[in-house]
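The values are calculated or read from the model by the stated rules, or taken from the named source; none is laboratory data. Only a predicted model underlies this, so the values are computations on that prediction, with no experimental measurement involved. Every residue, glycine as well, gets a Cβ built from its backbone with ideal geometry; the counts of neighbours run over all protein chains shown.
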Amino acid sequence: MKYRILFLLIAALFIMSCHKGPVLYIFNWSDYIDPELISEFEKQHGCKVKYSTYDSNENMLTKIKSSRQSFDIVFPSGDHVSILIEAGLAEKLDMNKLSNYAHMDPLLLEKARDFDTNNAYSIPYFWGVTGLMYNRKYIAPEMVEQNSWTVIGDKFFDGRRKITMLDDAREVVGAALITAGYSVNDTSPEALEAAKKILDVWDVNITQFDSESYKNEVADGTTWLAQAYNGDALQQMSENQDLGFFLPKEGSNLWMDNMVILKSSQNKDLAYEFINFMMKPEVAKRNADYVQYPTPNASAYQQLDASEKDNKIIYPDEEYLEKCHMIRFLGNDVVKINDLFEYIKMN
Ligand code: N2P
């Protein structure tokens, strides 16, 4: 037995010492990349990608600030790109190293200037909207037909505790602000008071705030209705006919997630290679096919099947997008939204 353990130990050390290539540390949202693309990149560059995931911007930020391991690339949403820039954590990009940048959609780059003034620190990865995913086995069609965020507070759910919302202050408070007729970026006392009233009603029916396990729990019936990112919902729906998703008529939160190289990155050249690889039209297209989020890569978009381009859950029409609000960087005012979210979570 002793010899067996010794043998295994020596074999493990041998395998570890054989791998001398560079290592790229990537920290991304979960279920947000085609894993085959990672293997292809590793082969092409003779490197190893150490890929870890997170389920919220806040967790990503806490981890990169506290972890001894420095990550090379992270994928913050727009408001968190600004936070990383302000905190001096983001590397200013050398666009000469990103030959595929020309494939990015100029209109979306313009929108990205809202959080990264000169598009100097971040490259859009995917964008999306948030809505409600449900399981037909448990929810009557009339509930879905309301097509409204207010279904979260419906009496039907009384005492059933079958609803989850995302563990994301901006998303949860944002949905309530929109329902009350305000922008998701409004932190005025009236707007927050109105959002609080709505959240107090919803909270009675909410079992947990979660951005990860809800994906399987709506499928297995633990949860009947969940606030969900559009692509995550579509990934689940493609495996289960009982699942559906709608974008509430009041409008929704709109976000863009982005690739950012951290200043502390130990392998910036490889990080540039990875970002440039992800911007290649055929790679960005395959990635979009896999994750089912809307791509900000114009050349990749052109290559998509009509069924994807016409899918209103992936690419909502202009009329709907006009009712959506990009989650913006609010500086210190975000504390007011975070406090309201904490209050609801504690209740
Ligand atoms: C991917 C989550 C999308 C991130 N699983 C929402 N900003």
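For the range 80-110, the set of residues classified as in contact with a strand residue (DSSP E or B) (Cβ under 8 Å, 6 or more places away or on another chain) and farther than 21 Å from LYS280 by Cα consists of VAL81, LEU84, LEU89, ALA90, GLU91, listed by residue number. Picking from residues in the range 108-128 that are of a type in the set (Gly, Ala, Ser) and not in a loop (DSSP other than H, G, I, E, B), the one that is nearest to the chain's Cα centre (by Cα) is GLY128. Of the residues making up the range 85-100, those that are in a helix (DSSP H, G or I) and crowded, with 17+ Cβ neighbours inside 10 Å number 2.
Checking the range 245-268 against the condition returns a match, with at least one residue being in a helix (DSSP H, G or I), in contact with a strand residue (DSSP E or B) (Cβ under 9 Å, 6 or more places away or on another chain) and farther than 19 Å from THR130 by Cα.
Of the helices (runs of 4 or more DSSP H) that lie entirely inside the range 271-335, those containing 3 or more residues that are aliphatic (A, V, I, L, M) and crowded, with 16+ Cβ neighbours inside 10 Å span 281-291. Annotation note: of THR207, THR164, the sole residue that is surrounded by fewer than 20 Cβ atoms within 10 Å (Cβ to Cβ) and under 24 Å from the mean Cα position of the chain (by Cα) is THR207. Of all residues in the range 41-79, count the ones that are assigned to a helix (DSSP H, G or I) and touching a residue at least 60 places away in the same chain (Cβ under 8 Å). Selection size over the range 41-79: 8. Taken together, LYS2, LYS20, LYS50, LYS65 contain a single residue that is of a type in the set (Lys, Arg) and modelled with pLDDT of 95 or more, which is LYS50.
Residues in the range 215-232 that are part of a helix (DSSP H, G or I) and in contact with a Leu (Cβ under 8 Å, 6 or more places away or on another chain): VAL218, ALA219, ASN230. For LEU8, state whether it is at pLDDT 95 or above, in a helix (DSSP H, G or I), not assigned by TED's automatic domain parsing to the domain that holds SER238 and not β-branched (Val, Ile, Thr). Answer is no for this residue. Screening PRO294 on (1) in contact with a helix residue (DSSP H, G or I) (Cβ under 7 Å, 6 or more places away or on another chain); (2) within 20 Å of ALA228 (Cα to Cα) shows it passes everything except condition (1). Evaluated against (1) surrounded by 17 or more Cβ atoms within 10 Å (Cβ to Cβ); (2) farther than 30 Å from SER66 by Cβ, ASN253 falls short on exactly one condition, (2).
The sole residue among GLU142, GLU110 that is of a type in the set (Asp, Glu) and either touching a Leu at 6+ places or on another chain (Cβ under 6 Å) or modelled with pLDDT of 95 or more (or both) is GLU110. Report whether or not VAL151 is away from the ligand (no atom under 16 Å from the Cβ), buried (at least 22 other Cβ atoms within 10 Å of the Cβ) and within 24 Å of MET326 (Cα to Cα). Considered against the rule, which asks whether it is away from the ligand (no atom under 16 Å from the Cβ), buried (at least 22 other Cβ atoms within 10 Å of the Cβ) and within 24 Å of MET326 (Cα to Cα), VAL151 comes out as yes. For residues in the range 264-317 being small (Gly, Ala, Ser) and under 13 Å from LEU234 (Cβ atoms), which is farthest from the ligand (Cβ to nearest atom)? Restricting to residues being small (Gly, Ala, Ser) and under 13 Å from LEU234 (Cβ atoms), the top hit is SER307.
ILE198 meets all of the listed conditions (1) part of a helix (DSSP H, G or I); (2) within 24 Å of PRO316 (Cα to Cα); (3) not basic (Lys, Arg) but one, namely (2).
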